[in-house]
Amino acid sequence: MKDIDVSQSLELADLESALKELEERAQEDIDVMYGVHRARKTDLRRFQRLMEHLARSRLRIAVFRGQSAGVHTQRRIDLISARYEVLEALYEGAVTRISDHRAWKLSHRLDWLIIAIIVIDIILVVWRA
């Protein structure tokens, strides 16, 4: 098995470059990830899109892993893969936390709506009597 060719090496370099940008963005996103009460619906959608992008990138990395026989290239691919894995875990956790928080907020609002309906019903029953 041969090592990857020049075009694949350039594509791997593109993955590394994109990875640096994603890591910088993740540093900025940490406040939203752990401050779920500040997260907006747009943040959740953006994080979900990032998860899709990370999954596609990891698939590309898997292709490289299967094509490379060079030890240096294998180490490089393993390092890139590990860094993408960390980002995946970070954003996956954020999506879960934000989704759970949003579901809790909706449930909380519904609870108050039910209480309000019961109170109104009680008032109407007492008023009619």
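Please treat every number below as a calculation from the coordinates, not as lab data. Keep in mind that this is a model prediction, so the values were computed, not measured.
Compute the long axis of helix 6-34 from its Cα atoms, compare it with the longest principal axis of the Cα atoms of the chain, and write down the angle in degrees, 0 to 90, nearest 10.
Tilt relative to the chain: about 30 degrees.
Give me the angle, in degrees from 0 to 90, between the Cα long axis of helix 71-128 and the longest principal axis of the Cα atoms of the chain, rounded to the nearest 10.
10
Please turn the phi angles of the range 43-48 into ³J(HN,Hα) values with the Karplus equation 6.51 cos²θ - 1.76 cosθ + 1.60 (θ = phi - 60°), one per residue in order, whole Hz, x for glycine and proline.
Values, residue by residue: 5, 4, 4, 5, 5, 5 Hz.
Mean 1/r over all different Cα pairs, inverted: what Kirkwood radius does the range 6-100 give, in Å? Before the final figure, lay out the partial values.
Numbers: mean 1/r = 0.0708 Å⁻¹.
Every distinct Cα pair counted, the radius reaches 14.1 Å.
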